[in-house]
Each structure stands twice: as structure tokens, then as C-alpha cells.
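Peer 1: This is the structure, below, for whatever I ask next.
The values are calculated or read from the model by the stated rules, or taken from the named source; none is laboratory data. Keep in mind it's a predicted model, so treat the numbers as computed, not measured. A quick note on method: Cβ atoms are made from the backbone with ideal geometry, for glycine too, and the neighbour counts reach across all protein chains shown. The accessibility values were calculated without ligands, DNA or RNA, using every heavy atom of the protein model including side chains. Shrake-Rupley method; radii C 1.70, N 1.55, O 1.52, S 1.80 Å.
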Amino acid sequence: MSTPVGDPDPALAAWHDLLRAAVAEELPAAVALRHALHADPRRSGDEADTTSAVVAALGAGEGRQVAGTGRLVRIGTTTGPTVALRAELDGLVVTETTAVEWAATGPVMHACGHDAHLAGLVAVCRAVARVGGPAPLLALLQPREEGAPSGARDVVASGLLAEEQVVAIVAAHVQPQLADGVVNATPGPVNAATDEFTVTVTGHGGHGGYPHTTADPVLALAAVVVALQQLVSRRVDPTVGAVLAVTQLDAGSSFNVVPDTARARGGLRVMRESDRTMLLQALGDVAEHTAAAYGCTAVVHSESNEPVLANDPDLARATLPWLARAGVEVDDSWRSFGADDFSHYCADARGLMLFLGVDGGAPDAAGRRPGLHSPRFLPGEDAVARVAEALLAGYLAGAGRLGPVEPPRAGRRLA
């Protein structure tokens, strides 16, 4: 855990006090919005209704369409170097099994906390719209975080963030792997780069009773899968780590037929680009040579998904005093081999992903609490307030990185 020291900037401290009070007044409506979004989720690429609901709640105009169903909404009329707050619009194809009155009833669910992220963003943006803020603010409502093609990649490719002069972008994500109540702001890599791969082994099929007449691709593939498990442990620095997981196998159609081909699919996750390049090369080498030892051939096809999510170190450190000032327990060392397309923004601007430790919901009969993407995942009613607190801290940190900050005008009052 980190304990920030030193006195915060007095002008930003004044803004922090004013905006925390304003956010608190917005929270009842934001919680109600979270309930409405949770009860009526939309899958990736089909978020237009969710976008409309959030834009209406922001009350700052229609904004600019981006990446299909996404939206950029400027808060207030101030332009110039801008801080953006991002939240995700989509749900997951998961059938909810919670018992709350506002549970989703169809085949889609907000099982990753996006409903709470959107509601917390609205609370902060409405507060800034009412009482002002230390820097221009842009709400980024992003589609397709859970699906392909990546919504974040399309937002960056649109060029609209540059047009809006976004120089810092902040997001917050609930995370049940962190202790409840802790907020994480790790400088540098915090989420992994991801690649999908398919290994196709080709041999010579035949009758299962005459194995000596075949070159069995199933046996060869089994050997490849086992051999691949040594790559991370023997080729990657253990203080950095990586994950190589084979998660699907496909071969044959009958117990007595040796097929001609067998396939395996899996994923690779790394924290360093150099490890990504090396492991993909090694994966191909091991598959090819192992299959050859069984009289077969192997071909590896890989497809890159998200890059490493690397938080801007200055922005991460600048967030810590505001979290601590709000009485939040802060962690600056936790990392995850999960992935998030927020990583695309980090190559385009100062980026910061904050993770919020939450209780994922009621335990099952064995005492296990649900995690992300579970049909039982449901952070508590305080999740919206905690997302808003984290986003406000990130917004103030971003404002402080833009240059000198003027304090709020004397006599400013809440509406």
C-alpha cells in the first residue's frame, strides 16, 4: 500500500472540496440511473439505447457520435487541453441470476460493472457542469469494450480525441480481486497484452485399429500442448510473468477413426512487448518441431488483440493524494493479466485506469463470491459513489498535469 505524503495543491484542494460536495448531491440520481441501465443492458455493438439514456442523464447536449454507438459529450463550453473520463456502454451475453428487483431479465447482463462505471461518470460530469472545474472535461461513452472490433481502437482511429484536445484520459473499473474498499493506481503496466492463437497439426488419418499406418495428429497435438507449458516458466523473467493457456481442443469424429487434423486454440498474455514477440516465435518453433517428431506438421496462426495497458506514471502518482484525502485506502502495486481496450488510449494520451476493490455479491453454497463476468456479479449500492470518487481524483490529477490551476471563484455555491 502507498501512503502519499506532502500537501496537495491548494487550488486543486479547493476544487476537490467543492466537487466532492457536488458529486454527493448527484449520487441519488446516479444510483437510479445505474439501476435502469442494469435492468436493460445491451450487447456490444447494439448500445444505442444505453447511449441515449446516458446522454440524457448528462444533460449536456447530444455530443459527437464516435465508433458507431459511442458518444463524446463536452461538459460545459470550455475548450483547450482537456481531460476525458471514459466509461463502457456494453453488457455481456450472460443470463443474470441475482435476485434484485432491477436484475436484467434477458440474455444480456452488466456482469462487469459497466452500469456502475457509467453512473459514476454521470455524477462527476453533472457536478462539474453545475459548479465548474479546474480543466475542460469530456465524457467518453465507449462501445464494444467486451466485443470485437475494439471500440477504443475505433475511437482513437477516428481522430476525434485529437480534435477535442484530449491530453489525459481516465477510467475506473470495479475489481473483486482487490480488497473491498481499496483503490489501485499502479504506474506503468497494469493489464496484459493479449493474443489469440490456433495450432493446426496435420498428419495422416486412418483406422483406429491400425495405428502403425497413420501419423496421428491427436497424439502429436497432445505433445505440443504439454510442451507449450514450458515456454513461460523457462523463457520469461519470473519477476515479470506471462500467461500461455490452451483452452480449446478439436479433433476427430469417431472413436475408431484417426483424423487427418487436430487443432488447439488458446491465448497469450504478456506485460512486455519483447516477451510477446519472443513467445509467439517460440510457440511456432515448439509446435513445428514437436509435431515433426510424430511424423506430422504444425502451423500456428496468431491474432493480436489489445496492447499492454500502461498507466502514465505521473498521472497515476498525481491521483494518489486525492484518493488519500478522501479517506480511500490506496494501492499502487497491484497488476492483472486481464485485458482492457482502454490500453489503446494510453498510446494516444496520458492514460490512467483505476481499479476499485469491491465485494462481487452474495456467496454461493460453497462460500465463493462471484467475480467479473459471473451471472451473480453485483457490486453493492456504494459502487457508484466509489467509481465517482475515483474518477474525480483522476480528473483532478489530469487537471494538475495541464498546468497551473485557478481556484474556484469566491462565493461559488452549489445549485
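Peer 1: With every protein chain in place, what's the accessible area of Asp49 (1.4 Å probe, Å², nearest 10)?
Peer 2: For Asp49, solvent-accessible area is about 90 Å².
Peer 1: Further question on the same structure: Let a ≥ b ≥ c be the square roots of the eigenvalues of the Cα gyration tensor of the range 38-168; is it rounded (a/c under 1.5), or, if not, prolate (a/b larger than b/c) or oblate? Mind dumping the intermediate values first?
Peer 2: Values: a/c = 2.54, a/b = 1.54, b/c = 1.64.
Because a/c hits 1.5 or more and a/b fails to exceed b/c, the range 38-168 counts as oblate.
Peer 1: Can you tell me the equivalent ellipsoid semi-axes for the range 96-188? Use √(5λ) from the Cα gyration tensor, largest first, whole Å. Kindly include the intermediate steps, with their values, before the conclusion.
Peer 2: Numbers: eigenvalues 137, 71, 50 Å².
Ellipsoid half-lengths, sorted descending, are 26, 19, 16 Å.
Peer 1: Report D for the range 229-339 in µm² per second (integer): Stokes-Einstein, Kirkwood Rh on Cα pairs, 4 °C, 1.567 mPa s.
Peer 2: Details: Rh = 17.5 Å.
Translational D for this selection: 74 µm²/s.
Peer 1: Still on this structure, please answer the following. When DSSP beta bridges are limited to those with both residues in the chain, what percentage is antiparallel, rounded to the nearest 5?
Peer 2: Details: 44 of 67 bridges.
Once the DSSP bridges in the chain are tallied, antiparallel ones form about 65 percent.
Peer 1: Can I ask one more? Take His212, His344 and sort them by solvent-accessible surface of the protein heavy atoms, 1.4 Å probe, largest at the top. Write out the running numbers ahead of the final one.
Peer 2: Values: His212 155, His344 30 Å².
In descending accessible area the options line up as His212, His344.
Peer 1: Along Cα→Cβ, 7 Å out, is where each label goes; now give me the distance between the ones at Ala292 and Thr277 in nm to one decimal.
Peer 2: Label at Ala292, label at Thr277, 2.4 nm between them.
Peer 1: Quote to one decimal, in nm, the extra length available between Ala36 and Ala365 on full extension: 0.36 nm per residue of separation minus the C-alpha distance between them. Could you put the intermediate results ahead of the total?
Peer 2: On the way: separation 329, 0.36 × 329 = 118.44 nm, distance 2.90 nm.
Taking 0.36 nm per residue and subtracting the Cα distance, the gain is 115.5 nm.
Peer 1: Long-range amide H contacts for Gly338: which residues qualify at under 5 Å (H placed 1.01 Å from N, peptide plane, sequence gap of 5 or more or a different chain)?
Peer 2: Long-range HN contacts for Gly338: Ala192.
Peer 1: Sticking with this structure for a sec: For Tyr210, Tyr345, give me the order by solvent-accessible area with a 1.4 Å probe, most accessible first, ignoring ligands, DNA and RNA. Before the final figure, lay out the partial values.
Peer 2: Values: Tyr210 120, Tyr345 0 Å².
Result, largest first: Tyr210, Tyr345.
Peer 1: Is it possible to state the helix-based mean residue ellipticity at 222 nm for the chain, with each DSSP H run of 4+ residues giving -39500 (n - 2.57), the sum divided by total residues, to the nearest 500 deg cm²/dmol? What is it? Kindly include the intermediate steps, with their values, before the conclusion.
Peer 2: On the way: 10 runs with 147 residues, N = 415.
Dividing the helical sum by the residues of the chain leaves -11500 deg cm²/dmol.
Peer 1: Now a separate question. Quick one: among Arg74, Arg235, Arg34, which has the greatest mean-square fluctuation in a GNM of the chain with alpha-carbon springs under 10 angstrom?
Peer 2: Top of the fluctuation ranking is Arg235.
Peer 1: Relative to the longest principal axis of the chain, what angle (0 to 90°, nearest 10) does the C-alpha long axis of helix 10-39 take?
Peer 2: Rounded to the nearest ten degrees, it is 60.
Peer 1: On full extension of the chain, what length is gained from Val93 through Val226, given 0.36 nm per residue of separation minus the C-alpha to C-alpha distance?
Peer 2: Working: separation 133, 0.36 × 133 = 47.88 nm, distance 3.20 nm.
In short, 44.7 nm is gained.
Peer 1: Can you run phi through the Karplus equation (6.51, -1.76, 1.60; θ = phi - 60°) for the range 216-228 and list ³J(HN,Hα) in whole Hz, with x for Gly and Pro?
Peer 2: 6, x, 5, 4, 4, 5, 4, 5, 4, 4, 5, 5, 5
Peer 1: With a cut-off of 17 Å, note down the residues of the range 124-142 whose backbone N falls inside the zone around a label point 7 Å from the Cα of Glu406 toward its beta carbon.
Peer 2: 129-137
Peer 1: Out of (i) 136; (ii) 154; (iii) 197, which label holds the value of volume of the Cα convex hull per residue in Å³ that was computed here?
Peer 2: (ii)
Peer 1: Something else about it: Kindly write out, for the range 336-350 in residue order, the coupling ³J(HN,Hα) from the Karplus curve 6.51 cos²θ - 1.76 cosθ + 1.60 (θ = phi - 60°), rounded to whole Hz, with x marking Gly and Pro.
Peer 2: So the Karplus estimates, Gly and Pro as x, are 9, 8, x, 9, 8, 6, 4, 4, 5, 5, 5, 8, 10, 7, 5 Hz.
Peer 1: Hey, another quick one. Need the full-extension length gain, Val243 to Asp314, defined as separation in residues times 0.36 nm minus the C-alpha distance. One decimal, nm.
Peer 2: Values: separation 71, 0.36 × 71 = 25.56 nm, distance 2.82 nm.
Taking 0.36 nm per residue and subtracting the Cα distance, the gain is 22.7 nm.
Peer 1: Tell me, what is the per residue accessible area of the chain in Å², probe radius 1.4 Å? List each step's numbers first, then the result.
Peer 2: Numbers: 17480 Å² over 415 residues.
About 42 Å² of surface per residue is accessible.
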